[in-house]
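Read the structure below first, then the notes.
The values are calculated or read from the model by the stated rules, or taken from the named source; none is laboratory data. Since we're looking at a predicted model, the values are computed, not measured. Backbone-built Cβ (ideal geometry, glycine too); neighbour counts: all protein chains shown.
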């Protein structure tokens, strides 16, 4: 009797103490639900540090076909401010160009040089990563309209993420990259499990050289930090 009395007491305590109760399983999210949450989260982002890298066959930023884009790193502030360093490959030399964009105006300067010049369309173009946040044409919004598959859960820089994958036409991406991103794409996205922020996007152009495919990788971090971007002094 006493043994059953103690067991009965423990059973009652188990009903009352949260630590003794079995946790309810967390409902699994579908790929569509994950990307919908990611699109909503990214639409509310106000600043972010980004790295955009391109590998594969050469493509050019200028009409003279001299400058090949390799990497852009910098900061974005919603809705229309950007600063960063563009790494280009020209005539066998790697050159770094600083860039500041405020609204529709863009200024550039060679790294280490304080002389800023306004970049006009006649001189060249720079991909406008601001459109990544666009609620209609940005990457998250575009992915929300594509049938993606959930590959699984992984880790990016120590953070648990969902890995999603699918195929899509470049569509708006071709427009805002001034034709640099084109054709059918295989897209991979890594979305934070807790915050639903997108940590990384990888776009491979399926119509590029299979031996050296064109791949665009966008990495995002340091979300919503206080950043102030102004036109260069004396511009």
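Points worth noting:
- Residues located in the range 54-70, provided they are closer than 21 Å to residue 203 by Cα and either assigned to a loop (DSSP other than H, G, I, E, B) or at pLDDT 90 or above (or both): 54, 55, 56, 57, 58, 59, 61
- The number of residues in the range 216-235 being surrounded by 13 or more Cβ atoms within 10 Å (Cβ to Cβ) and either more than 19 Å from residue 72 (Cα to Cα) or more than 12 Å from the chain's Cα centre (by Cα) (or both) comes to 5.
- Taking first residues from the range 55-72 that are at positive phi and partners that are modelled with pLDDT of 85 or more, the Cβ contacts under 8 Å between residues at least 6 apart in sequence or on separate chains come to 56/205; 56/208; 56/209; 56/212; 56/213; 56/214; 56/215.
Quick grid of which residues meet (1) within 15 Å of the chain's Cα centre (by Cα); (2) in contact (Cβ under 8 Å) with a residue 24 or more places away in the chain; (3) surrounded by 19 or more Cβ atoms within 10 Å (Cβ to Cβ):
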site	(1), (2), (3)
188	yes, yes, no
191	yes, yes, yes
194	no, yes, no
207	no, yes, no
214	no, yes, yes
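- Unmet criterion (only one of (1) touching a residue at least 40 places away in the same chain (Cβ under 8 Å); (2) surrounded by 13 or more Cβ atoms within 10 Å (Cβ to Cβ)) for residue 170: (1)
- Of all residues assigned to the range 166-183, at least one qualifies as being at pLDDT below 95, under 17 Å from the mean Cα position of the chain (by Cα) and more than 30 Å from residue 65 (Cα to Cα).
- When 12, 86, 100, 94 are screened for being modelled with pLDDT of 85 or more and over 24 Å from the mean Cα position of the chain (by Cα), only 94 passes.
- Restricting the range 147-165 to residues that are touching a residue at least 40 places away in the same chain (Cβ under 8 Å) and under 17 Å from residue 196 (Cβ atoms), the residue that is surrounded by the most Cβ atoms within 10 Å (Cβ to Cβ): 164
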